[in-house]
1. Could you order peptides 8-14, 51-57 by the average number of other Cβ atoms within 10 Å of their residues, highest first?
2. Which value in nm describes the separation of the simple spin-label points at R35 and A74, placed 7 Å from the Cα toward the beta carbon?
3. Got a sec? Charge dipole of the stretch 1-112, +1 on Cβ for Lys and Arg, -1 for Asp and Glu; which of G34, V104, L62 is way out at the positive end?
4. Only residues of the stretch 20-53 count here: report those whose backbone N is under 17 Å from the spot 7 Å along Cα→Cβ of S114, or say none.
5. Just the accessible area for M79, please: 1.4 Å probe, Å², rounded to the nearest 10?
6. With every atom except the alpha carbons ignored, what do you get for Rg and Dmax of the chain, in angstroms?
7. Could you give the distance between the Cα centres of the stretch 103-145 and the stretch 12-40, to the whole Å?
Amino acid sequence: MYTGLQHTHSGLAYLALLALVLVIIWALVGALSGRDFQEKDRKIALIAFILCHIQLLVGLILYFVSPIGFSLLAGGGAMSDATARLTALEHPLINILAIVLISVGFIRAKKLESSTAKFRSIYMMYAVGLLLILSRIPWASWLGN
Ligand code: HEM
């Protein structure tokens, strides 16, 4: 189960990051063009929103199954080691925060009046979320594999 979850989480990361980048560009172009925000735009933003939430769910389960997740934190000593601190604490916490911000951007876009404000809510919050996610990815273990 652990290996399956690890591979799912690793593969989904590519999809979630790619979707975030594409939606940010899409919303930015939409805002700059001054066109109306349509149902199609909401659905495109929804793709990245859903991928991030699936990733969150898989990540949460993985956190309690992985030897470098919660067990490392519970065992003590993770605080003094930067690599351990990353997967046991920083990556989960910062990514949860990032996904909350992405969700706020998506949900707020529905409530805002003007099309430009809707596009802006999406590209701003998704971009902040993306930067937070990128800042705490265990790059060495991910791409080193
Ligand atoms: C969009 C959000 C997220 C992205 C893009 C992401 C991405 C990644 C990546 C690329 C890895 C390295 C995989 C590898 O070495 O093969 C990883 C590992 C990990 N992630 Fe996430 N993650 C996200 C959210 C979360 C969340 C919310 C949690 C927990 C609450 C979490 C828990 C973990 C754990 C425990 C590992 C280490 C797994 C292991 O190798 O044993 N992730 N994540």
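The values are calculated or read from the model by the stated rules, or taken from the named source; none is laboratory data. Everything quoted here is computed from the prediction, not taken from an experiment. Glycine also receives a Cβ, built like all others from the backbone with ideal geometry; neighbour counts cover every protein chain displayed. SASA here: full protein model, heavy atoms, side chains in, ligands and nucleic acids out. Shrake-Rupley method; radii C 1.70, N 1.55, O 1.52, S 1.80 Å.
1. In decreasing order of mean packing, 8-14, 51-57 become 51-57, 8-14.
2. Distance between the two pseudo-spin positions: 5.1 nm.
3. Projecting each Cα onto the dipole axis, the largest value belongs to G34.
4. Correct set: 28-38.
5. Using a 1.4 Å probe on the heavy atoms, I get roughly 100 Å².
6. 16.8, 54
7. After rounding, the separation between the Cα centres reads 10 Å.
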